[in-house]
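One structure below.
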Amino acid sequence: MSTYSTYDKYGHTTAQPSPLDFDDLVPFIEGVAYPALREDIIQEAQRNHAPSRLALFLNWIDGRLYGSLTDVEAAFRHITHGLKGQTITQLW
């Protein structure tokens, strides 16, 4: 996971986590057997030692049955589109 720099009110740079990207999540959930419930996807991410902010983000997707990785991506994009430029860490 990469970082980017921002500036505080004093002009000092601070490293911030990059906004979430679905491509960051894929390696941690590639082993999911579909169809799968949200809980199955979360368990796979945890089993693969996904960074906590990615694993926690999965709690935000609908608790339904997902037929494929493409379905998970659509749910991810639906949520991140609603953030309007905020990162998940800004919301926690």
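State which residue is modelled with the lowest pLDDT when the search covers only segment 74-88 and only residues that are surrounded by fewer than 12 Cβ atoms within 10 Å (Cβ to Cβ) and either more than 12 Å from Leu20 (Cβ to Cβ) or of a type in the set (Gly, Ala, Ser) (or both). So, considering only residues that are surrounded by fewer than 12 Cβ atoms within 10 Å (Cβ to Cβ) and either more than 12 Å from Leu20 (Cβ to Cβ) or of a type in the set (Gly, Ala, Ser) (or both), the one modelled with the lowest pLDDT is Gly85.
If the condition is being in contact (Cβ under 8 Å) with a residue 40 or more places away in the chain and not aliphatic (A, V, I, L, M), then segment 18-42 contributes Ser18, Pro19, Phe22. Scanning segment 43-54 for residues that are part of a helix (DSSP H, G or I) and in contact (Cβ under 8 Å) with a residue 24 or more places away in the chain turns up Arg53, Leu54.
The values are calculated or read from the model by the stated rules, or taken from the named source; none is laboratory data. No experiment lies behind these values; they were computed from the predicted model shown. Backbone-built Cβ (ideal geometry, glycine too); neighbour counts: all protein chains shown.
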